[in-house]
Amino acid sequence: MPDDLPDLPEPAPFSVLLADAQPLMRLGVAALVDAQADMHVVAQAASLDALQALLARHRPDLVCLDIALLDPQPAERLAALRHGQHACRVVVLTQRAGEEDIYRAVCAGADAYLFKDSPAEELLQGLRTVHAGGRYMPPAVAARLAARLHGGVLSQREMQVLEQVAAGHSNKRIGLAFGISDGTVKSHTKRIFHKLGATSRTGAVAIAVQRGLIAL
């Protein structure tokens, strides 16, 4: 048997499509990714239209995107990216840290969810894990997702009442807006307090904002 075996070719680096409206963010992530031997940035998109066009052209192994780029229907559009005509694996890299934002993204098919202030090593680990077929939620994200899963889910009517409460409207005005009695509004408010773990209208609004249920 010969002592020298032929060198096996190195596996080709996997391709990443970056999608973020912030040029400096794209530049920084691209520099980080391209400095790795096992991955490279194949294209960059600053808008949803550009993302869709580049996705069809390059067919990347995965997309790393800020979910804000998918507004005003981030969950629906993320699901379309994940399972649509040009289906791909998706790593979310965003500033949105609300429990509801994370929950909806994961339900829509996000394979990883990271914050933009995450350490570089965490992002690289997330990209590699997703490319290998896994899912990646760092501890900070996993904790917020767990809090959302253990909390009560507000009904559509309760969400509507919560939004009115956040706007500073009285029970009477809320009742008139939805054609219901003050007593019914109070019942909805009590259930909202219970599900959010709040003891006051102000507390309920603060918790809802923190979770990403509403925006002020």
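Where a number appears in this text, it was derived from the coordinates with a stated rule and is not lab data. These numbers come from a predicted model, not from an experiment. With ideal geometry, Cβ positions are generated from the backbone for all residues, glycine too; neighbour counts draw on all protein chains shown.
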What's the angle, to the nearest 10 degrees (0 to 90), between helix 99-108's Cα axis and the longest principal axis of the chain? 60
Using only helices, what value at 222 nm comes out for the chain when you add -39,500 (n - 2.57) per DSSP H run of length 4 or more and divide by the total residues, to the nearest 500 deg cm²/dmol? -16000 deg cm²/dmol
Tilt, helix 182-196 to longest principal axis of the chain (alpha-carbon atoms), in degrees rounded to tens, equals 30
Inter-label distance, nm, simple model (7 Å from Cα along the C-beta direction), ARG57/ASP117: 3.5
Using θ = phi - 60° and Karplus 6.51 cos²θ - 1.76 cosθ + 1.60, couplings along region 153-158 (whole Hz; Gly, Pro as x): 8, 6, 6, 4, 5, 5
Peptides 155-168, 93-106 ordered by average Cβ neighbours within 10 Å, highest first: 93-106, 155-168
On Cα atoms only, tilt of 139-150 relative to the major axis of the chain in degrees: 40
Show me, for region 74-90, the HN-Hα J-couplings you get by feeding each phi into the Karplus relation (A = 6.51, B = -1.76, C = 1.60, θ = phi - 60°), rounded to Hz, glycine and proline as x. x, 5, 5, 6, 5, 4, 5, 5, 6, 10, x, 4, 10, 4, 8, 7, 10
Mind checking which lysines have their C-alpha under 16 Å from LYS172, skipping anything on the same chain fewer than 8 residues away? LYS186, LYS190
Charges only on Cβ, +1 for Lys and Arg, -1 for Asp and Glu: so what's the dipole of the chain about the Cα centre, in debye to the nearest 20? 1680
Give me the one-decimal Kirkwood hydrodynamic radius in Å for region 175-216, with the sum taken over alpha-carbon pairs. 10.9
Compute the FRET efficiency between GLN22 and GLN125 as 1/(1 + (r/R0)^6), taking r as their Cβ-Cβ distance and R0 = 35 Å, and round to the nearest 0.05. 0.95
Cα shape, the chain, gyration tensor, a/c 1.5 rule: prolate
For TYR136, the residues 5 or more places away or on another chain with a placed amide H closer than 5 Å to its own amide H are ALA112, TYR113
FRET efficiency, 1/(1 + (r/R0)^6) with R0 45 Å, evaluated for GLN95 and PHE178 via beta carbons: 0.85
